[in-house]
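The values are calculated or read from the model by the stated rules, or taken from the named source; none is laboratory data. Remember, it's a predicted structure, so these values are computed and weren't measured experimentally. Neighbour counts are summed over all protein chains in view; Cβ atoms, including those assigned to glycine, are modelled from backbone coordinates with ideal geometry. Ligands, DNA and RNA are excluded from the accessible area calculation, which covers all protein heavy atoms including side chains. Shrake-Rupley method; radii C 1.70, N 1.55, O 1.52, S 1.80 Å.
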Amino acid sequence: MAPKDGTIPEGYSMWSGEDRFEAHVGPFFIARRADDKGWKVAFRADERHVNGQGAMHGGMLMTFADAALFAIARDHKDGPGVTVNFHCDFVGPAKPGDWMEAEGEVVKATRNLIFARGIMTANGEPVLSFGGTIKKLKALS
């Protein structure tokens, strides 16, 4: 579990993607999985992320899951990419203060596409299952 004081959790580093929206709703953190088979990402939910009922907003969960797809696919891409397909199932609640983590696996990677899936948890309890497809792009000049 991560500290609540805003420090970077042990074993994690700051997710340093160039996505300004993710920077706005984060910070997000990234770490190598304990089994060394990929990556996991995390963040501390706060009041900015809630809906009218005081639970985590579905849009925030999907934003984080989309970012997690790119972390999961990290070892299979060497440049920019875009999400071309995303799907999810909401399976449990989350609230401000919860430690959110997501990890998963690459199901298949081709020359142009990466197919991945994952699970997001709040304090270790399942919140969202998700999957999607990333299209690899050529580096922009």
Binning every alpha carbon pair distance of segment 57-99 at 10 Å from zero, what are the percents per bin? 21, 50, 23, 6
Taking the C-alpha atoms of segment 30-141, convex hull volume expressed per residue in Å³: 110
Along the charge dipole of segment 37-115, pointing to its positive end and built from +1/-1 on Cβ of Lys, Arg, Asp and Glu, which listed residue (38, 54, 76) has its Cα farthest out? 76
Ordered by residue, what ³J(HN,Hα) values in Hz, to whole numbers, does segment 58-66 give under the Karplus form 6.51 cos²θ - 1.76 cosθ + 1.60, where θ = phi - 60° and Gly and Pro are x? x, x, 5, 4, 5, 4, 5, 5, 5
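Leaving out ligands and nucleic acids, note down the accessible area per residue over segment 90-141 with a 1.4 angstrom probe, in whole Å².
Per residue, segment 90-141 has an accessible area of 56 Å².
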For segment 100-116, Karplus-derived ³J(HN,Hα) couplings (6.51, -1.76, 1.60; θ = phi - 60°; whole Hz; x for glycine and proline) come out as 9, 10, 9, 8, x, 8, 7, 7, 7, 10, 10, 4, 10, 10, 10, 9, 9
Interchain or long-range residues, amide H under 5 Å from residue 98's placed H: 45
Pull up all non-local amide H partners of residue 57: gap of 5 or more, or a different chain, and H-to-H distance under 5 Å with H placed in the peptide plane. 50, 51
